[in-house]
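Taking it in order: structure first as structure tokens, then the write-up.
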Amino acid sequence: MVAFVDQRRKEEGGEKMITPFRLQYAFTVLLLCVSCFAGDEPSTATKNWNAVSSPFRPVNIAAQGATIWVCGVDEMILSSSDGGATWETKHQNLNGEVLLDISFVNEKIGHAAGTGGLLLSTDDGGQTWKSHVAPGAVRAFSFGDAINGIVVVSDGHPSPRVSSSDQAAPIEGTVKITHDGGEHWEDIAAISAEELRPFVQTLAVSGLDSSHFLMLRRQPEVEDVFVVTKDSGRSWKIVHPQNDATNRVLPRMVFVHQGEYWAFGHELVHREKGGGYGVPLTLHSKDGETWAHGVAGPNEFGSCNSQGCYMWDGAVEALYGEHEQFWALPQDGSLSGKWAIAGSAGCTVGSTLKCGRATVTDKPADRPEVPGGIIYLNAHNDYFADGCLECHADGIVPDKPGPPSMQQVHVSIAVRRDGTVASVSVDYPPSNRMSDDISHQLSKWLFEPAHEGGHTVETKKDVSLLLMCAGFPGRPETNRCALHRSDEFLGATRITTTTVKQ
């Protein structure tokens, strides 16, 4: 049983709006044979997830000590000190901004930030929160203490492209620093220096303390570098990770843990004869200049946070010590890359919030088996439309197997003031069932709140998408259809956004 302190209802409505579209196409079907992790008596998670009836849409999650923190739409901040059994609302603003991330420096000092330039800070353990304004939507942030921090801000609606080298997603925007908790912001002049100019992408930012900050920057398909300061941003130094004929180091994420920078990513090893292979990467440093390898772990991981890294459904690992540690969580496909663990409980955020038992184990929970050993690689493009914050698309089972195909799909989406979807209208005449499936998926999308006159407003969006269907030859049960942006193949996505007058 999961208890909560508040409930809320939303009104729904919308109109159907269609944009004409000319279709041309070409596509590739990818399939992958998957083997399961093998081990002697691996641990498994036996408990189920418990759904939390949150009054607002959750977006991100973090843990500090014994407390789990969740942030989301309407500037929501929730906390639980009993493993997700009960929750308290610590901050909210009806029809306000979307908080995209939350983190704590220690038990007392924490920050949350998101759309509309909103930055919230607390110095009393989350009991009260003070509001600040950043020069744009805060895409990423890190504070070394209560007042010294580094952020990536953006004025527009970013549509980052994932790097083909290691699947890293750049954070689009401008890096700035603050020394007064967010009241004033400074540009980083070093970014325009000749030496750093090729490194146009930001992968991560991190604040170690009041003086030490770090940017992880990338020259696309060439090299990653750490850009570090030890004098509060007055001067910066470029630190080049290894990239030679033997190994290539590709850090993707950086966090602060117990007074050190920790970087996670991917490493290409044994390249001496033009070959080599990839292994997980863990690095740590006390100052950002001298780095040492840490425990890499046995398997490739996906996203990481300040507690550890996501491996696969039900399995996460911590790589901060002298040897890896694993947690086993419930395995029902619900564990996302956004998770947090406090004590013996873990919670995860998707379009909903769920909590369950987290068991420490010497081996990771088994990777879930895939029937037939083959899975279809569906598209999960988070940037289907202007202003998408969370716009996931899963595979759709077609009405019947057939030859590879591509068809246009027109959708009209009514967006509430808080960025959640009020209603969806799908124009896909070939199949009512598939139209309903598409509508159900899009109803879980989340957008940046639109603004007019200093206030959030309702909007309607017309979007043209492509539905691509294919399967493994001779295996009709593998046939799946996946949604794609039209500009993946045909140029710019056709999107019309209309403000709904209040």
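The values are calculated or read from the model by the stated rules, or taken from the named source; none is laboratory data. Bear in mind the structure is a predicted one, so any value in this text is a computation, not a measurement. When we count neighbours, we look across all protein chains shown, and the Cβ atoms used for this are built from the backbone with ideal geometry, even at glycine. These accessible areas exclude ligands, DNA and RNA; they are computed on the full protein's heavy atoms, side chains included. Shrake-Rupley method; radii C 1.70, N 1.55, O 1.52, S 1.80 Å.
Judged by the ratio a/c of the largest to the smallest principal axis of the C-alpha gyration tensor, the range 322-463 counts as oblate, that ratio being 1.5 or greater while a/b is no larger than b/c.
The equivalent ellipsoid that matches the C-alpha gyration tensor of the range 259-307 spans semi-axes of 22, 15, 7 angstrom, in descending order. Note: relative contact order over the range 410-462, using C-alpha pairs below 8 Å and six or more positions apart, is 45 percent.
Only aspartates and glutamates eight or more places from K286 in sequence, or on another chain, were considered; those with a Cα closer than 14 Å are D209, E260. Computed in the context of the full set of protein chains, the accessible area of the range 170-250 at 1.4 Å probe radius has 48% of its extent on carbon or sulfur. Working ranking of peptides 396-408, 73-85, 318-330 by packing, defined as the average number of other Cβ atoms within 10 Å per residue, highest first, is 73-85, 318-330, 396-408. Legend: Rg and Dmax of the range 104-246, from Cα coordinates, 15.5, 53 Å. Taking a ≥ b ≥ c as the square roots of the eigenvalues of the Cα gyration tensor, the range 65-124 is classed as oblate, since a/c reaches at least 1.5 and a/b does not exceed b/c. Treating r as the C-beta distance of N106 and D394 and R0 as 45 Å, the FRET efficiency rounds to 0.70. Of interest is the spacing of the C-alpha centroids, which for the range 396-416 and the range 167-187 amounts to 38 Å.
Calculated on the alpha-carbon coordinates, the convex hull of the range 395-446 measures out at 80 cubic angstrom per residue. The HN-Hα couplings worked out from phi for the range 246-263 by the Karplus form 6.51 cos²θ - 1.76 cosθ + 1.60 (θ = phi - 60°) are 9, 10, 10, 9, 10, x, 10, 9, 9, 9, 9, 9, 6, x, 9, 6, 10, 10 Hz, whole numbers, x standing for Gly and Pro. With 30 Å as the limit, the listed pairs K338/K363; K130/K461; K176/K460 have K130/K461; K176/K460 beyond it between alpha carbons. The distance between label points at H455 and I238 comes to 4.9 nm (points 7 Å beyond Cα on the Cα→Cβ vector).
Label the range 274-355 by shape, choosing from rounded, prolate and oblate, from the square roots a ≥ b ≥ c of the eigenvalues of the Cα gyration tensor; if a/c is under 1.5 it is rounded, and otherwise prolate applies when a/b is larger than b/c, oblate when it is not. Because a/c hits 1.5 or more and a/b exceeds b/c, the range 274-355 counts as prolate. Within straight cross-link reach of K400, meaning Cα distance under 14 Å, which aspartates and glutamates are found once same-chain residues fewer than 8 apart are removed? List returned: E477. The amide H of H266, built 1.01 Å from its N in the peptide plane, has L250, R252, L281 as neighbours under 5 Å, considering only residues 5 or more places off or on other chains.
Using a probe radius of 1.4 angstrom, the carbon and sulfur fraction of the accessible surface of the range 50-118 is 44%.
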